[in-house]
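Accompanying notes for the structure given below.
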Amino acid sequence: MTPAIEVRNLRFSYHDQKTALDGVSFSVAEGECVALVGPNGAGKSTLLQHLNGLLPEKFGPDPAVAIFGRPVSVESLEETHRKVGFLFQDSDDQLFCPTVYEDVAFGPQQFGGDGREISRIVRESLAKVGLEGFADRIPHHLSAGEKQRVCLAGILACEPSILVLDEPTSDLDPRSKRGLVALLKSLPVTKVIASHDLELVVQLCPRTILLDGGRVVADGATMRLLADEELMLRHGLEKPHSLQHLHPHGGG
């Protein structure tokens, strides 16, 4: 079966020539929920931005990323943006309209929906994220958790097949975080989640990819990977508290 995401030998350097990604390869099956973990500067955000065509700035002749078998290129960019919903780490980077309604409606308008259809989509998307009655609110007056849910509603309004989330719990209080976990569990789409919050990873993602220095250093079952204290410490991470009783090769 064609994977939802396929990355083959992805290399990328920023303008200062610093190598951000150094031959990254992996694939994600349709419906999988995969975590991307690693220390600061590992290349996680850079990798995520390649998954929906935000990077590279210029596409070469041999694309390293394919979405449902179609290479991400200039020709497929609009389709890629539609299929891959991207949640930025900072909600304020994603909210730019005067009202919640306009922010959520922005994507469907770009794809040419009519007024009545867009109104229905906005209403349903806000309901999915628990923000019924928020359509006329001003985004920048909302709490961090509410802003993030508006961003998610805007993504869901475009009906993506894949969700890519960059540090989705970084600004959230415990209650907002619980709400986000429940929401993400309820969405039957393919998900790739970059996070320093390893408890979130344990709750949501059966599989984890560990990135360090722009390379994949481990890829496997979340419980086994994150319970390996030596591996975690070697790459600037800590074994999650919920897995303290586990040894890396199973057993209690």
Only counting other Cβ atoms within 10 Å, I'd like 185, 18 sorted with the fewest neighbours first. 18, 185
Okay, helix-only estimate at 222 nm for the chain: each DSSP H run of n ≥ 4 adds -39500 (n - 2.57), divide by all residues, round to 500 deg cm²/dmol; what do you get? -9500 deg cm²/dmol
Cα principal axis extents for the range 206-246, largest first, Å: 30, 20, 11
Ranked list, fewest to most other Cβ atoms within 10 Å of each Cβ, for 116, 207, 149: 116, 207, 149
Using the basic label-point model (7 angstrom from Cα toward the beta carbon), what is the residue 78 to residue 159 distance in nanometres? 1.7 nm
So, in nm, how far is label residue 217 from label residue 62 when the simple model puts each one 7 Å beyond its Cα toward the Cβ? 2.8 nm
If each part is reduced to its alpha-carbon centroid, the range 56-101 and the range 224-244 end up apart, in Å, by 32 Å
The rounded separation in angstrom of the Cα centers of the range 175-196 and the range 106-131 is 21 Å
Just need the Rg to Rh number for the range 71-155, please, alpha carbons only, Kirkwood Rh. 0.98
Most mobile listed residue (20, 218, 42) in the chain, GNM with C-alpha springs under 10 Å: 218
On a 0 to 90 degree scale, rounded to 10, what angle separates helix 144-156 from the longest Cα axis of the chain? 80 degrees
Checking the a/c ratio against 1.5 first, then a/b against b/c, what shape does the Cα gyration tensor give for the range 1-148? prolate
Kirkwood Rh in Å, taken over the chain so that all alpha-carbon pairs contribute: 18.9 Å
For the chain, find the longest principal axis of its Cα atoms and tell me its angle to the long axis of helix 174-186, 0 to 90°, nearest 10. 90 degrees
If 247, 196, 15 are placed from fewest to most neighbouring beta carbons inside 10 Å, the sequence is 15, 247, 196
Those residues of the range 61-75 whose amide nitrogen sits under 12 Å from the label point placed on residue 9, 7 Å along Cα→Cβ: 62-64
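Every number here is computed from the coordinates shown, using simple stated rules; none is lab data. Nothing here was measured: the structure is a model prediction, and the numbers come from that model. When we count neighbours, we look across all protein chains shown, and the Cβ atoms used for this are built from the backbone with ideal geometry, even at glycine.
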